[in-house]
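Each reported figure results from applying straightforward, stated rules to the coordinates on display, with no laboratory input. Only a predicted model underlies this, so the values are computations on that prediction, with no experimental measurement involved. With ideal geometry, Cβ positions are generated from the backbone for all residues, glycine too; neighbour counts draw on all protein chains shown.
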Amino acid sequence: MTLPRSATEWAALAVFVLGSLAAGFIGSIATMPNIPTWYATLVRPSLNPPSWVFGPVWTTLYILMGVAAFMVWQRRDHPAAKTGLVLFGIQLALNTLWSWLYFGGHSLGLALVCVVALWLAILGTIERFYRVRHLAAYLLVPYIAWVTFASYLTAAYWYLNPMWR
């Protein structure tokens, strides 16, 4: 990564990282009140991690996502940068939407559709970011790996809890 060299670049880095973290915060608004109530009543899949794991993992992923987007923004004159950043915004919106569908709406079926769309959007973002800056794409690999696991969890919860499909 090329470190920010101006106040504008420092501000852009802050916007991308804080914007990514804000998406997570907006999703957590739907999540938090439902963990001790609705979510606690669901049948859990065997590979479900403890709840305390999600906060640190997502925080780390949101920071990596913001740094990756900043790196692409630094090369915004590259032909693939604009599409990559648009896809980044789409996947960030889908990420937030998933929390609202799953926890806020208690709709495991719609959340499953959303997480598949999210996974595809992340894949497209990685592909575009790779064209602009390899490291930016690599920073999203832990994210797509985690969303792959989240897709399994969503599908397992959907299957194990037919009343919430």
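Remarks
- Counting Lys and Arg as +1 and Asp and Glu as -1 over every other residue whose Cβ lies under 15 Å from the Cβ of Val72, the net charge comes to +3.
- Computed over the chain, the per-residue total of -39500 (n - 2.57) for DSSP H runs of n ≥ 4 gives a 222 nm mean residue ellipticity of -24000 deg cm²/dmol, rounded to 500.
- In the elastic network of the chain, a GNM with C-alpha springs shorter than 10 Å, the most mobile of Pro45, Pro56, Pro33 is Pro56.
- Percent of Cα-Cα distances greater than 19 Å, calculated over the chain: 55
- Neighbour-count order for Val147, Val53, fewest beta carbons within 10 angstrom listed first: Val53, Val147
- In this calculation the C-beta distance from Ala7 to Met163 is compared with R0 = 45 Å, giving a FRET efficiency of 0.25.
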